[in-house]
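Readers should treat all values here as calculations from the given coordinates under stated rules, not as data from a laboratory. Just so we're clear, the structure is a prediction, and the values are computed from it rather than from any experiment. Note that each Cβ is placed from the backbone with ideal geometry, even for glycine, and that neighbours are counted across all protein chains shown.
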Amino acid sequence: MKRTTLALCLALAPWASQAGDIEEAIAAGQAAYQQGKLSQAASQLAYAATLIQQQQGEQLSKLFPPPLAGWTADEPEHDNASMSLLGGGVHSERLYYKGDDISLTLRILKDSPLMQALAGMLASPQMAAMAGYKLKKINGANTMLQTQDDMNLTLVQGSVMVQIECDGCEEADLVAYAGKLDLTAMEQL
């Protein structure tokens, strides 16, 4: 019993530590704001937001579907620093392989300003068609599918955008991976 409790405490320690860091940064930001130190307040609150996005990235990484039958996959990776160049948001991706010749990259973006532009394209079938996409519904989400040149699939639902690109795979592979996504869980993070 003691070992189980100790193991559980050790497993939760990094999260609890990060939660404490977030709360401290928010409190420091609030105190600085109340003292009129606006730059310091903004810096502390931005730090807290970054820590929260790191937590989101870690949680998002757990929502990738397992490899389909006959496929293997790398561990998911998340990188929020690169998203700051694109206006912010959370980014995570996972690479899947089928043999040596077929690969698929699944990217999840959350809370990114890029989604607003793509949402407009999804809302307008004419714009999507002019860009070479065909529209398809997968799990209730509007999806843009491009099968010419580089095969890819993009879907946007709420605050989540998923991009799936593949090299050497079939349209059915893109659709199968998209169908395995838990978009509701992604939106709730």
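How do Asp74, Asp101 rank when sorted from fewest to most other Cβ atoms within 10 Å of their own Cβ?
Values: Asp74 12, Asp101 9.
Arranged by neighbour count, lowest to highest, Asp74, Asp101 become Asp101, Asp74.
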Please rank His78, His91, fewest neighbouring Cβ atoms within 10 Å first, as an exposure proxy. His78, His91
Order of 35-44, 168-177 by packing, highest average Cβ count within 10 Å first? 168-177, 35-44
